[in-house]
1. Choose one answer from A45, A128, A14: the residue with the largest mean-square fluctuation in a GNM of the chain with alpha-carbon springs under 10 Å.
2. Given Cβ point charges of +1 (Lys, Arg) and -1 (Asp, Glu) and nothing else, what value in debye, to the nearest 20, does the dipole of the chain about its Cα centre take?
3. Identify the residues of region 116-133 with backbone N under 19 Å of a label point that sits 7 angstrom from the Cα of D87 along the Cα-to-Cβ direction, or state none.
4. Mind counting lysine pairs for me in the chain? Cα separation below 21 Å, and the two need to be 8 or more apart along the chain or on different chains.
5. Counting only DSSP beta bridges with both residues in region 3-180, what percent are antiparallel, rounded to the nearest 5?
6. Quick one: Karplus J couplings for region 49-56, per residue in order, coefficients 6.51, -1.76, 1.60, θ = phi - 60°, nearest Hz, x for Gly and Pro?
7. For the chain, just the Cα atoms, rotate onto the principal axes and tell me the three extents in Å, largest first.
8. Please name which of N116, V127, Y145 has its Cα lying farthest along the dipole of region 3-180 towards the positive end, using unit charges on Cβ (Lys, Arg +1; Asp, Glu -1) and the Cα centre as origin.
Amino acid sequence: MNPADIKSVLYTTAQIEERVGELAARISVDYRGEKLIVVGVLKGASIFMADLIRKIDPEVDIVLDFVVVSSYGSAAASSGVVSIKKDLDCDIAGCNVLIVEDILDTGLTLKSLMENLRARGPKSLEVAVLLRKDLGNEPVLKPKYLGMETPNEFLVGYGLDYDERYRSLPYIGILDERVYQ
Ligand code: PRP
């Protein structure tokens, strides 16, 4: 990758690690002694999820699962419904479920996924999101565990991509407009 593709670093590796640790500490307290199904939304959430779960106290009995949802086109954006391309392996009825996402932009993906999972009768259903873009309006949903509120920029790194690239960067950067214009 060309280092000039990144206009500036928004969050350093150390800043991310500190915030992820704070979220993990809260989750550890909230679910101590309980079973928790942690659901990662691929692919963007993979890096955040891997770091988050390793910081959660082992007294939380964690089970991992993953979903893949469709990127919404204009039709889905207007309906607010995303389709599930890869569903959960486990039955979440009666279980504590924590959805892990890298970023909330419009919030449509998560809102639709939550409605889908809530219909399966979990004991509890919460969300951990690393980043939420400040779009200047009332957010569609307010995650219980939120890392950082970000400016409305094109962000890459730590799981976030542009055209499948930059996910492996250990920091979160603002992509230079030159790359996508
Ligand atoms: C990104 C991100 C969320 C969604 C957020 O996923 O990981 O799932 O977009 O957007 P929204 O709040 O406007 O719905 P993307 O479709 O880019 O797939 P990826 O996770 O594979 O990068």
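Derivation of every value follows stated rules applied to the coordinates shown; laboratory data play no part. What you see is a predicted model; the values in this text were computed from it and never measured. Don't worry about glycine lacking a Cβ; one is built from the backbone with ideal geometry, like all the others, and counts go over all protein chains shown.
1. Checking each option, the largest mean-square fluctuation is seen for A14.
2. On the way: 21 positive and 28 negative charges, 52 e Å.
Roughly 260 debye, rounded to the nearest 20.
3. Counting only backbone N, you get 116-123.
4. 20
5. Numbers: 10 of 36 bridges.
Roughly 30 percent of the beta bridges in region 3-180 run antiparallel, per DSSP.
6. 4, 4, 6, 4, 5, 6, 9, 7
7. Principal-axis extents of the Cα atoms in the chain, largest first: 49, 39, 29 Å.
8. Farthest towards the positive pole: N116.
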